[in-house]
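Visitor: A single structure is presented below for examination.
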Amino acid sequence: MAAAANKTVPTDADVQAHLATQPEARAADCRALIALMQRASGHPPVMWGRMVGFGHHHYVYDSGREGDIFEIGFASGAGGKGDISLYVSLGCLPAGRETLLARLGRHRQGKGCLYVKRLADVDLGVLEELCVAALQEKRA
C-alpha cells in the first residue's frame, strides 16, 4: 500500500489575492504577520493550501513517514471568522518556551500551534522571538 501524499503543499496561489478575501482588519493583521515572519525566516510568503508559509522543511518520522512543510506560517479563519492559527512549531521550541508564551499575551495553545483573535492581543516582539526560536531549533 502506497503512503498517502501530503495534502498541504506549496502552490502558485497569490498571497495578496488571499488577503483580499479577508475583512480589512484581519487583512491588516495578516500583512503584519507576513512582514514579521518574512523578517524572522528570511523567506517570502508562499500559499500552502489556505495557509501562508515561510521556508521549507523536510521531515522524517520514526515510523518512516516523511514529507515537506513550511518552517513557520499562519492561517486566517475563512472570511476573517475565527482565530488566526500561528504555526510556530511549539514542539521545536527550547525548554524556556513557557516563559516566552507567558509574555506573549492573550492566546490559546493547540498541539502544534497558537491561536489568537487579533494581533493587538499579543506582544509582536515576543511573537517574533517565538518564530526565531522555532526556526533555530528546526534548522539545527
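Visitor: Got at least one residue in segment 58-71 being buried (at least 17 other Cβ atoms within 10 Å of the Cβ), modelled with pLDDT under 95 and among the aliphatic types (A, V, I, L, M)?
Guide: yes
Visitor: Another one. Counting just the residues of segment 81-103 that are assigned to a helix (DSSP H, G or I) and touching an Asp or Glu at 6+ places or on another chain (Cβ under 8 Å), which one comes out nearest to residue 60 (Cα to Cα)?
Guide: Top of the filtered list is 92.
A quick yes/no check of all residues on (1) in contact with a Cys (Cβ under 7 Å, 6 or more places away or on another chain); (2) closer than 25 Å to residue 125 by Cα; (3) modelled with pLDDT of 90 or more; (4) outside any strand (DSSP E or B):
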{"position": "2", "(1), (2), (3), (4)": "no, no, no, yes"}
{"position": "17", "(1), (2), (3), (4)": "no, no, yes, yes"}
{"position": "25", "(1), (2), (3), (4)": "no, yes, yes, yes"}
{"position": "28", "(1), (2), (3), (4)": "no, yes, yes, yes"}
{"position": "32", "(1), (2), (3), (4)": "no, yes, yes, yes"}
{"position": "38", "(1), (2), (3), (4)": "no, yes, yes, yes"}
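Visitor: Answer with yes or no whether residue 73 is closer than 15 Å to residue 6 by Cα, assigned to a strand (DSSP E or B) and of a type outside the set (Val, Ile, Thr).
Guide: No; evaluated as a whole, the condition is false for this residue.
Visitor: Let me ask something else. Do you know which residues across segment 104-132 are without any contact (Cβ under 8 Å) to a residue 40 or more places away in the chain, closer than 15 Å to residue 88 by Cα, part of a helix (DSSP H, G or I) and among the charged types (D, E, K, R)?
Guide: Across segment 104-132, the qualifying residue is only 129.
The values are calculated or read from the model by the stated rules, or taken from the named source; none is laboratory data. All figures in this text were calculated on a predicted structure; none of them were measured in a lab. Note: ideal-geometry Cβ built from the backbone for every residue, glycine included; neighbour counts use all protein chains shown.
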